[in-house]
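Every number in this text was worked out from the coordinates using simple rules, so none of it is lab data. Treat the numbers as computed from the prediction; the structure is a model and nothing was measured. As a convention, Cβ positions derive from the backbone with ideal geometry for all residues, glycine included, and neighbour counts pool all protein chains shown.
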Amino acid sequence: MLNPSQHRNVIVSAQWGTIIAFCALTILPLGYAIFRLTDVTGMTVFSSMEKFFSDDDTLTALEFTLLEAAISTLFTLLIGLPIAWYLGRYKWRNIRMIRAILSVPFVTPSIIVAMGFLMLIDPGGLLDSIGIDLRLETGVIGDMARVTGWENPGHFIALIAAHVWFNLSLVMRFIEPTLATLDRTWEEQIRFLPAGRNKILRIKNLWLPLLAPAALCSACLCFIFSFSSFALVKWLTPNQDNLETLMAKSGGSAGIYNYRIDTSEVVLSTSMVQLLILSIAIIYTARVQKKHSTIHSIVTENSHQVANKSPNKLALITVIGAITYAVLPLILVLISSIRIRDARSNDHYYSFEAWIEAWNGSYSATAIPDALTNSLIYCITTLIVALPVGYIISSTIARLEGENKQNTARFVEFLSMIPLALSAVMIGLGILIGVLKWAPDLFSWAILPAVPHIIITTPFVVRIMLPAIRSLEPQYHEQAMLLGLSPAKAWWHGRIALLRAPIIVSAALTMAFSLGEFGASWILVRSGSWDSLSVLVDQLMGRPKFDPLIQPMAMAAAATLMFLTFILFLIAERFRHTDEGSGF
Amino acid sequence: MQLKSIICSILIMSFSLAGCIGNETDFSDECENGTLDILTYDILALSTEMVDKFVTESGYCVNFIKEDDSGGILDKMMLTKENPVADLMIGLDNTYLQTALANNLLEETSYTSNSGYQNITQTALEPYSGSMAVPFDMGPVCLNYDERFVDDENVSTPTSLWNLTGEDWRGKLTFPSPITSSPGRAFLVATIDYFESDDDPDTDAFDWWKAIRDNDAIFTSGWTESYETHYTGGYGEYTDGYIGDAHLTVSYCQSPGVEAFYAGNYTHSTSITLPKTTFQQVEYTGIINGAQDVDAAEAFIEYLLSTEVNSNMPVNNLMYSVLEGQNLPETDGYKYHSDIPEENSDIEISRINQEMTSWLENWQSATD
Amino acid sequence: MTEVDTILRIDVKQKKFDSKTIFSDLKLSVNSGEIISIFGPSGCGKTTLLRMIAGLEQTSEGDVVLSRDYQNHIGFIFQKPVLYPHLSVGKNILLGCKSRLEKHERLATVANSLELVNLPKFANRKVTTLSGGEAQRVVLARALLAEPKLLLLDEPFSSLDLDSRRELARDVNTILKDKNIAAIHVSHDIEEAEIISDRILYWDKICEPSNASNNNEHD
């Protein structure tokens, strides 16, 4: 039987062991990929970055990346803030369902978002029918291009619209909970004070301090996700590359000695620049999220008020508009899976032929049930590893903060978020060449594709669990110990049982992200029996479509993935509380 | 809440169990001889029925490792040279094969001693007839253009590649990059030969490519993007993501025939078959050096070259069969609308291997 | 230390948080069955003292010596009632039960505990539906079920109204006396201290308070 001090030592050792293992899992593939690429190219990391900034192609890609990320972030905030405001300030029936629907975009696999938006902007599609031709850029868009000299403005607008769609829920999930739980007397009080005499002063002295950290936090994350966007850029702006698509084009032949050295140079230099930029963004995000959590805790601790006003017309229009925007691309994917072109007449008819074909599969295209099973295996494996690892990392950070070791805590937090700064292509490449080098037998290991999923999803678990663990009152655990409960029971009742909601939300998001993971899987999953649903969608879309069934088959696979993700997410929403301040 | 949870759980379980009731493509009971791993691109030629038949007859199960295209196959073979991940490769073409041979990525196959090998046409054997790889399909790479555009806009049918650098075609051409696309690479080789064979000693292929770039041509990373997203002459206009800003692209001389075949004998796409503007692409299968199951690979090569399978190349893989006495089907205008090249480019495979790297560099400089 | 009478002897030279001294030269002893109250202003370090006795904190310099019979028999009632929201009232109480019980025994135990604190028929209630006073009674019931020999009460009634505080204080005194449980009660309400305890100790009499300890964290 261990005494408390020994018990603590065991816990601390286990925590550090887990962190080291996670870092090894994350950094080793990256490290090996960098080592291999520097060896193949003969460049150092720094000289590769120098080359990056002297090459027109890479500079153009960087400019495009920064521009699309910045503008996506700006518009996401501009559109998301009013929606969050109205959601938080009024009483809505079925608020949980509304929140769930508005949050679905965030967990929708990016390949599905790309397909949905393609359908939205297609010639003859919905937007085209109201005179907005974003794809062929005729009409108003064409005029804009001519007048401004801007190349492909329609594609750029489509990309921004897709990013906004994707990231809108970030703004809402960070801001709306604070608004929804804010005590109305805070607003009433400030009206009687000089600092709140008019709307501008109230914005300055009440709303900005309360909401700015949340807005900033969501903006940072929006920037990070838009910056590293892959599927959307690949499909919506085919004439332009961001850093991620630039790397993806070269990824297949990178890291090979004396062969296509140029691709290795591109991947090395681009990934290092991306890592640098995103690391800065992540460090800043972590700081801002902590501030947001603090404010949110204060608000929820002191609030008793629940919104009781019915929404006015403007609120209704805004929220209904948001819901329509959220579901429209997904509905189009579904319709597209049963809408089949008759090659002879070029008319369309509705049928489940493509579903049947996709369900049965072939040697060229994995059957949907098989791909679905693979996806589920990966996501369950990811869950089994990422959830406890993420919890342990979060506990460690909270413990270090409690012991006043702020710098160490920040360092561990940064380490946990490194995967967000990494290109999925680099992660996949690193694992691939690492495995081939050291453990070639692992290449045929069925669970291998889950490894990048674990790397990519663990940071999200940390981002969700950490604020919740920070807000846990230690008395619950202390009381349990003082009641004489065993350490395991004290841990269960005093910690885990109280973290039920963030655990479920983490689990659902982990599974959703794993199901939709595309970039790293695309590099790794090249063995027929491993295809996940998201890779299957891209494979089918990449096939020559002489046969009119091919595209609906891709949409059938996409719709399957969509349903599964939506179900998982609905379950998570049932348990989500708005008072942990994680934003997720 | 409880009811909702139960419903959700049932839904999730039924999704999970769906895998058990889906179409099973792994005949594990029949894999008494093991599993054959094949590295290929998305191969349409092998229908499920054909592969199932192979599995049943040979006792080998088949597992496909899929890459995007020919170049992807070579990349994977180079990357996994020390630890091959497959036994057999299907899909390297004659612009990539020599690189594979030079890097010892393949080993000898006994099929070249098989009687079936004698049934392969001379056209298919011309680029390479050694024992390290066996051709299994072929097709001439051509420029395709949209006849509607030519007719509607009163544009002259090109009689020289230089016509494409004129105002009529400004911004209306799309080419897949030869760096990442095998048809693109094949066409690049054709342009080398074309301009070496023309009457003008002062210009070469790269001057032409530069002029093409200056004429606002669209360069893509692959055939699919060029043909489907940009080209107006094909099925692309019916697919999502279509832009339709180009009326000429690189494809195969039989592509118009394929269009007609699927559309009931109608197409508005046709090919430019000027001498030396086309390149006979031959695709190969070969045993990967270090393969674990050579017997299985040999069995599959034999199967792939059997009349039963190979004769279906035009319908399943949209390419010509390599066997004597085989041709494109006449159904729905497939053969009728497929164009025959006047004279293919005839640069030797060894020269392709030697100079491809510098050609690609020059191409990149010309089109940057 | 006399095993019969003095169960706890505290001699803390110094208690610091970070580099700030919270209090110093604290001397205190408690006898068997005795209920003492420590009375002092908010933020002086009373809670910290209780946490040190419970082993949740360490001294910076000095000793807290508890009779061996009393170690592992300490109960603690926090200022805010610590009830586990995922468990019912009855199940919260059973957390204090040291032995495995059959179902009928569990039901009886819970019923008796609730009877003791004047909350019959509360066993199946959700803890989130309890008032402040009811919650603290449940906490008390649970603490008593664990059969403590020394009960530490950290301003247990501070969130209640005056009448409820008095009533609970009387009940607590009665129960502790009945069961001969020693207790240390900290409060800044002198009347409550007078009701509940045998002896009141004034903070500035038992230690050297620090000027830096005007901080609610420590109390």
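Okay, here's what the table says:
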quantity: P(r) tail fraction, the stretch A:26-161 - alpha-carbon pairs more than 27 Å apart, %; calculated: 48 percent
quantity: Percent of beta bridges antiparallel (DSSP, chain C, rounded to nearest 5); calculated: 50 percent
quantity: Placed amide H near C:G75: partners under 5 Å, 5+ positions off or other chain; calculated: C:K149, C:L150, C:L151, C:L152
quantity: Dipole-positive endmost among A:T457, A:I340, C:A111 within the protein assembly as shown (Cβ charges, Cα centre); calculated: C:A111
quantity: Spin-label pair A:V45/C:E208, simplified geometry with 7 Å Cα→Cβ offset, distance in nm; calculated: 5.3 nm
quantity: Of C:I206, C:I38, C:I195, the one that fluctuates the most in a GNM where chain C has Cα springs shorter than 10 Å; calculated: C:I206
quantity: C:H86-C:E115 FRET efficiency (beta carbon distance; Förster radius 25 Å; 0.05 resolution); calculated: 0.50
quantity: Cβ-based charge dipole, the stretch A:172-281, positive-most Cα from A:L243, A:G255, A:L179; calculated: A:L179
quantity: Residues B:Y111, C:Y70, B:Y284, sorted so that the one with the fewest Cβ neighbours within 10 Å comes first; calculated: C:Y70, B:Y111, B:Y284
quantity: Potential lengthening between A:L67 and A:W16 on full extension [0.36 nm per residue; Cα-Cα distance subtracted]; calculated: 14.4 nm
quantity: Expected 222 nm ellipticity per residue - DSSP helices of 4 or more, -39500 (n - 2.57), all of chain B, to 500; calculated: -10500 deg cm²/dmol
quantity: Long-range amide H partners of C:L201 with built H, under 5 Å; calculated: C:S37, C:I38, C:F39
quantity: Inverse mean reciprocal Cα-Cα distance (Kirkwood Rh) of the stretch B:189-233, Å; calculated: 12.1 Å
quantity: Cα long-axis angle, helix B:349-367 against chain B (0 to 90 degrees, to the nearest 10); calculated: 60 degrees
quantity: Table column - 3J(HN,Hα) (Hz), the stretch A:89-99, Karplus curve with 6.51, -1.76, 1.60, x for Gly and Pro; calculated: 9, 10, 8, 10, 6, 6, 4, 5, 5, 4, 4
quantity: Percent antiparallel among DSSP beta bridges (both partners in chain B, rounded to 5); calculated: 60 percent
quantity: Three-way shape call for the stretch B:154-239 based on the alpha-carbon gyration tensor, with the a/c threshold at 1.5; calculated: oblate
quantity: Efficiency of FRET between A:V327 and B:Q354 - r from beta-carbon atoms, R0 56 angstrom, step 0.05; calculated: 0.45
quantity: Taking only Cα atoms of chain B, radius of gyration then Dmax in Å; calculated: 22.4, 83
quantity: Length-normalised contact order for chain A - Cα pairs under 8 Å, 6+ apart - percent; calculated: 23 percent
quantity: Efficiency of FRET from Cβ geometry, A:F411 and A:D55, R₀ 51 Å, rounded to 0.05; calculated: 0.90
quantity: Pairwise Cα inverse-distance average, inverted: Kirkwood Rh of the protein assembly as shown (Å); calculated: 33.8 Å
quantity: Karplus (6.51, -1.76, 1.60) ³J(HN,Hα), θ = phi - 60°, over the stretch A:380-387, in Hz, Gly and Pro reported as x; calculated: 5, 4, 4, 4, 4, 8, 5, 5
quantity: Estimated distance in nm for a label pair at A:T138 and C:E61, the labels positioned 7 Å out from Cα along Cα-to-Cβ; calculated: 8.9 nm
quantity: Test item: Cα-centred dipole of chain B, Lys/Arg +1 and Asp/Glu -1 on Cβ, debye; calculated: 680 debye
quantity: Sequence-separation-based contact order of the stretch C:5-147, relative, with Cα cut under 8 Å and 6+ spacing, percent; calculated: 23 percent
quantity: Contour excess over end-to-end distance, with Cα ends at A:V147 and A:N346 and 0.36 nm allotted per residue; calculated: 68.1 nm
quantity: Order of A:S228, B:S251, A:S47, B:S365 - criterion: other Cβ atoms within 10 Å of each residue's Cβ, fewest first; calculated: B:S365, A:S47, A:S228, B:S251
quantity: Simple Cβ-charge dipole of the stretch A:396-491, Lys/Arg +1 and Asp/Glu -1, about Cα centre, in debye nearest 20; calculated: 100 debye
quantity: Peptides ranked, highest mean first, by Cβ atoms within 10 Å: ranges A:81-90, C:123-132; calculated: A:81-90, C:123-132
quantity: Range of Cα positions in chain A per principal axis (Å), largest first; calculated: 75, 62, 50
quantity: Dipole of the stretch A:219-347, positive end: most advanced residue of A:T270, A:Y284, A:L316 [Cβ charges, Cα centre]; calculated: A:L316
quantity: Cross-link pairs beyond the 32 Å C-alpha cut-off, checked among C:K15/C:K91; B:K81/B:K210; A:K204/A:K405; A:K51/B:K76; B:K66/B:K335; C:K121/C:K179; calculated: C:K15/C:K91; B:K81/B:K210; A:K204/A:K405
quantity: Rg followed by Dmax, in Å, when the stretch C:102-210 is reduced to its Cα trace; calculated: 15.3, 53
quantity: Angstrom value of the Kirkwood radius, inverse mean 1/r, which spans all Cα pairs in the stretch B:74-183; calculated: 17.5 Å
quantity: C-alpha long axis of helix B:205-214 to longest principal axis of chain B, angle in °; calculated: 90 degrees
quantity: Peptide B:66-79 - average C-beta neighbours from other chains (10 Å radius); calculated: 5
quantity: The stretch A:151-211: radius of gyration and largest Cα-Cα distance (Dmax), Å; calculated: 17.6, 54
quantity: B:Q280 long-range amide H proximity, modeled H, under 5 Å; calculated: B:V141, B:S345
quantity: Shielding of A:257-267 by partner chains, average beta-carbon count, 10 Å; calculated: 3
quantity: Inter-label distance for A:F35 and A:I496, nm, one decimal - labels placed 7 Å from Cα along Cα-to-Cβ; calculated: 3.7 nm
quantity: The stretch B:222-368: C-alpha gyration tensor shape, a/c 1.5 cut-off, then a/b vs b/c; calculated: oblate
quantity: Computed magnitude of the charge dipole of the stretch A:29-96 (debye, nearest 20; Cβ of K, R +1, Cβ of D, E -1); calculated: 980 debye
quantity: Per-residue average of Cβ from other chains inside 10 Å of C:82-92; calculated: 3
quantity: C-alpha long axis of helix C:162-179 to longest principal axis of chain C, angle in °; calculated: 90 degrees
